[in-house]
Amino acid sequence: MRVPASDKGLAEARNDDQDHLLIELDTPYTDDGLPGGSSMSNLNTSADTGPQAPPQFSLYDADYFTDSNGNIISHDPHLNSDGEALYRFLLSQANTTPFYRLHCRGTHTEHRTRWVTGRANDGTTTSRRETHTETVVDFDFYINASPLLPPVHWSVGDLQPAYRGQMVRETRTLGDSQMPKRASEKTYLKWVAERTARGYPPWAQSVESWSEDVVDVGSGALQSSKTLRQWADEYCASPKYLKEFVYEKVLYGWNINRLESLVRGSIAQTMYQGTVEVDLETWGTKIYIRPDNRLSRMLSNKWLRFLSIILLVFPFVWLFKRFHPNGGGRWEVCGGAYALKRWESFTGEARDATAGDMDALPSYTTSSRKKLVGMKERDWFRKWEHTILRSVQGHYQSSTPIYDPFEDTAQAGPPAFVEDD
């Protein structure tokens, strides 16, 4: 068949699983039907090599930095315009797990007296006694606790107040956004604080609807009518100048109040009489995606942000974000949940029932059982109790966290001590 002159050139046939094939349409053909300059032997030689593998897919390497609390902040322009790139970036960064950091600090006050000598206007020398109070730090150390289980992606339900592209929290009913009443919003935020303290996952609705002994691997985690990819596309399509997408990493499985009480009780056994501070802090729990413009980057810098407050510039920026239609918008509807302990079901062959073993089943049956994955807060405390007592009694002070209960704390900074044999 003759090819028109307007169609002469190169025709490209692309196949994701094979190489790109380029055929020159106006190349003369030989008698054997092959393109000029080619032969059957040449084709057989090239066919023997086989098709080459397609190039490997590589993730987009976005620019980001980490703040003092371990949170990730990115102003990469590609993440603000391509929903697929933003989605892949969130999935890759979700593999970096957040962690708890136990901070123990003990102080006491001392009243000290000193004599101060001064000279009066007439040249005479006078002395007076001054009394002042000083706070003395007895111990100050950190211990890290990280989850070992993979994350479960979760999203906020449509009926729960959340930031969905506006500067205020909204709920959604049949696709329509509504502002919740102030009382219901306060009730929900109070429940979120209680849920975090109890160690419940972010998809737990109430105290009555959740139990620590139930088998739950996140089957009801995705409660939003939109997927994470759809939220990413909606954020990238927004033209707002100071928009922000927040991916929240939530730690769950441990009762925070119970663990802090165990640590306080352990320190009290040392007969320490000073003021004790025990805090279980979270690190690396947020991923912030913000636009690539000077104003947005300025707000991400804490020093420039503080300077804007001093110079009374920040109030105008806040008004612009809050009321201008293309000012600001927040998306805080999804994240990852990281369990420090959870119950998982497994099916296995049951052992023979023996005397005194009422829970065992006959060996010819199979039963769906549950097993605890991770570590309970009490077991973790028992693992670290000796290290805590040793640090308190040795007046240990260091800003470097302790990662191993058998770690030689002499390497972390003065004052140093080593456990006696």
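The values are calculated or read from the model by the stated rules, or taken from the named source; none is laboratory data. All figures in this text were calculated on a predicted structure; none of them were measured in a lab. Here Cβ is always computed from backbone atoms with ideal geometry, including for glycine, and neighbour counts include all displayed protein chains. Just so you know, the surface numbers come from the protein's heavy atoms only, side chains and all, with ligands and any DNA or RNA stripped out. Shrake-Rupley method; radii C 1.70, N 1.55, O 1.52, S 1.80 Å.
Please state the relative contact order of region 204-303 as a whole percent: Cα pairs under 8 Å, 6+ residues apart? All intermediate terms of the calculation are to be shown ahead of the outcome.
Details: 42 pairs, mean separation 34.5, N = 100.
Reported relative contact order: 34 percent.
To the nearest Å, what is the center-to-center distance of region 153-209 and region 219-284, using C-alpha atoms only?
15 Å
From the phi of every residue in region 222-231, what ³J(HN,Hα) in whole Hz does the Karplus formula 6.51 cos²θ - 1.76 cosθ + 1.60 yield, where θ is phi - 60° and glycine or proline is x?
Calculated HN-Hα couplings, in order: 8, 9, 7, 6, 10, 7, 4, 5, 5, 5 Hz.
Under 5 Å between amide H atoms, partner at least 5 residues away or on a different chain: which partners does residue 167 have, H built in plane at 1.01 Å?
Long-range HN contacts for residue 167: 330.
Ordering 61, 76 by accessible area with a probe of 1.4 Å, largest first, what comes out? Can you show the working numbers first?
Numbers: 61 130, 76 5 Å².
Putting 61, 76 in descending order of accessible area: 61, 76.
Using θ = phi - 60° and the Karplus relation 6.51 cos²θ - 1.76 cosθ + 1.60, list the HN-Hα couplings for region 282-291 in order, rounded to whole Hz, with x at every Gly or Pro.
9, 10, x, 9, 9, 10, 9, 10, 10, x
Using Cα positions and a limit of under 23 Å, work out the lysines in reach of residue 371, with same-chain residues fewer than 8 apart set aside.
Straight-line reach from residue 371, under 23 Å: 341, 383.
Within 10 Å of each candidate Cβ there may be at most 11 other Cβ atoms; applying that plus a DSSP loop requirement, which GluC sites (Glu not before Pro) in region 165-268 survive? Please report the intermediate quantities before stating the final value.
On the way: sites: 170, 185, 194, 208, 212, 234, 244, 248, 260; in loops: 208, 212.
Loop-located and lightly packed - 208.
What accessible area per residue, rounded to a whole number of Å², is obtained for region 109-169 using a probe radius of 1.4 Å? Intermediate results must be reported in sequence, preceding the final value.
Values: 3700 Å² over 61 residues.
Per residue, region 109-169 has an accessible area of 61 Å².
Just to confirm the filter: which trypsin sites (Lys or Arg not before Pro) across region 122-195 are DSSP coil and have at most 11 other Cβ within 10 angstrom of their Cβ?
Values: sites: 128, 129, 164, 169, 172, 181, 182, 186, 190, 195; in loops: 181.
Sparse-neighbourhood loop trypsin sites (Lys or Arg not before Pro): 181.
Tell me which residues come under 5 Å, amide H to amide H, from residue 222 once H is placed; ignore anything under 5 positions away on its chain.
155
Tell me, what HN-Hα J-couplings in whole Hz come from the Karplus equation 6.51 cos²θ - 1.76 cosθ + 1.60 at θ = phi - 60° for each residue of region 103-118, using x for Gly and Pro?
Per residue, the Karplus-derived 3J(HN,Hα) values read 10, 10, 9, x, 9, 9, 9, 10, 9, 10, 10, 9, 9, 10, 9, x Hz.
Rg/Rh for region 138-257 to two decimals, with Rh computed the Kirkwood way over all alpha-carbon pairs. Write down the numbers at each step before the final one.
Numbers: Rg = 16.7 Å, Rh = 16.6 Å.
Reported Rg/Rh, Kirkwood definition of Rh: 1.01.
Take the cross-link list 190/286; 190/243; 181/240 and give me the ones stretching past 23 Å between alpha-carbons. Could you put the intermediate results ahead of the total?
On the way: 190/286 20 Å; 190/243 26 Å; 181/240 26 Å.
190/243; 181/240, as the Cα separations exceed 23 Å there.
Residues with amide H under 5 Å of residue 243's amide H, sequence separation 5 or more or different chain, H placed in the peptide plane at 1.01 Å from N; which?
329
What ranking, highest mean first, results for peptides 312-322, 65-75 when packing means the other Cβ atoms within 10 Å averaged over each residue?
Working: 312-322: 13.5, 65-75: 15.0.
By packing density, highest mean first, the sequence is 65-75, 312-322.
How high is the relative contact order of region 155-254, in percent, with contacts defined as C-alpha pairs under 8 Å that are six or more residues apart? Walk me through the intermediate numbers first.
Numbers: 83 pairs, mean separation 31.1, N = 100.
For region 155-254, the relative contact order is 31 percent.
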